[in-house]
Amino acid sequence: MTAHLPPPNWPNRAASQSIPVAPHRWHVQRTGGGPTALLLHGAGASAHTWAPLLQAGNDGWDAIMPDLPGHGFTQSPRGRARLPDVAADIAALLTHLGAEPELIIGHSAGGAVALEMIRSGLSNPRKLVILNGALEDFRGAAGLLFPVMARVLALNPLTSFFLPSGAQAMKQARSVISSTGSDLPDPLLAPYAKLISQKSHVDGTLAMMAQWSLADLSRALPQIDTPTLFIHGAKDEAVGVASARRVADRMPNADLVLLEGAGHLAHEEAPDQVAFEVRRFCEMTEAN
């Protein structure tokens, strides 16, 4: 696989690196110095999602932000998207970088990856922040039908013929983001428009959805005692507040903070608030 980096106008492009660690060629953004923080984006996004939070202040963290397998500009073999595989492959990337995160921040499905890394003994951070965590399997009919639909789409070569571009991609990105309860301005929507017009990214997102199962992780939540802060946008229409409460209540050392006025992409809508809560949590954890 050849090196594949974002275009020059990509958010935080100066921090981008192409790092081969089998079986992937990772796109990783790394910025700052000091203790290491691992930032894991959610399904359908990429490392670009962290740009507003970094601008709000990373407080001296050495922030490592990979595009998840098959997402963004990380090149991956088809089908390697099971939660344990993603966790193991990110751990291998960290080993290659010689990095041991003291803090992990995971958004949406990235929160599940972070917890799986801890559950499996692949990482032992001192603190964990989960933003709008997608940590419960779909229930009822959706639990049966959605993964099947994702598998069909992932295996369908005709899917690429329906990829939007240009103004249509922006319109579709706005529609998808709005459906999650978030409202982003055009400059923050533009990277999502680029991603949904990129076949490899769409394939990678569908593959993750098709293989996603949280059953083993869910059973292990009461045994994960890493100090954890859940930050959840109160307007999130992708993952309801009730889900965040259920998961936080099952973990022995977890707290939940709600952000009024923010949706599923709270860290992009309200980066100053999220940065404040992360900073306060880290200070409290250090004090204890």
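The values are calculated or read from the model by the stated rules, or taken from the named source; none is laboratory data. On a predicted model such as this, the values are computed, not experimentally measured, just so you know. As a convention, Cβ positions derive from the backbone with ideal geometry for all residues, glycine included, and neighbour counts pool all protein chains shown. Accessible surface areas use protein heavy atoms only, side chains included; no ligands, DNA or RNA. Shrake-Rupley method; radii C 1.70, N 1.55, O 1.52, S 1.80 Å.
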Failed condition for Leu68, given (1) among the aliphatic types (A, V, I, L, M); (2) part of a helix (DSSP H, G or I); (3) touching a residue at least 40 places away in the same chain (Cβ under 8 Å)
(2)
Within the stretch 183-230, how many residues turn out to be touching a residue at least 12 places away in the same chain (Cβ under 8 Å) and either in a loop (DSSP other than H, G, I, E, B) or among the aliphatic types (A, V, I, L, M) (or both)?
28
Can you name the helices (runs of 4 or more DSSP H) wholly within the stretch 231-288 that have at least 3 residues being more than 19 Å from the chain's Cα centre (by Cα) and surrounded by fewer than 20 Cβ atoms within 10 Å (Cβ to Cβ)?
241-250, 271-287
Has the stretch 38-60 got any residue that is assigned to a strand (DSSP E or B), open to solvent by 20 Å² or more (accessible area, probe 1.4 Å) and modelled with pLDDT under 95?
no
Is it the case that some residue within the stretch 75-87 is polar (S, T, N, Q), open to solvent by 10 Å² or more (accessible area, probe 1.4 Å) and in contact with a strand residue (DSSP E or B) (Cβ under 6 Å, 6 or more places away or on another chain)?
yes
Looking at the structure I just gave you, is Asp255 more than 25 Å from Arg80 (Cα to Cα) and of a type in the set (Asp, Glu)?
yes
If I ask for residues that are open to solvent by 10 Å² or more (accessible area, probe 1.4 Å) and either free of Cβ contacts under 8 Å to residues at least 40 places away in the same chain or aliphatic (A, V, I, L, M) (or both), which ones from the stretch 111-123 would you list?
Ile118, Ser120, Gly121, Leu122
Considering only residues of the stretch 124-146 that are modelled with pLDDT under 50 and of a type in the set (A, V, I, L, M), which is least open to solvent (accessible area, probe 1.4 Å)?
Ala142
Looking only at the stretch 1-37, filter to residues that are under 20 Å from the mean Cα position of the chain (by Cα) and in a helix (DSSP H, G or I); which one of those is surrounded by the fewest Cβ atoms within 10 Å (Cβ to Cβ)?
Arg13
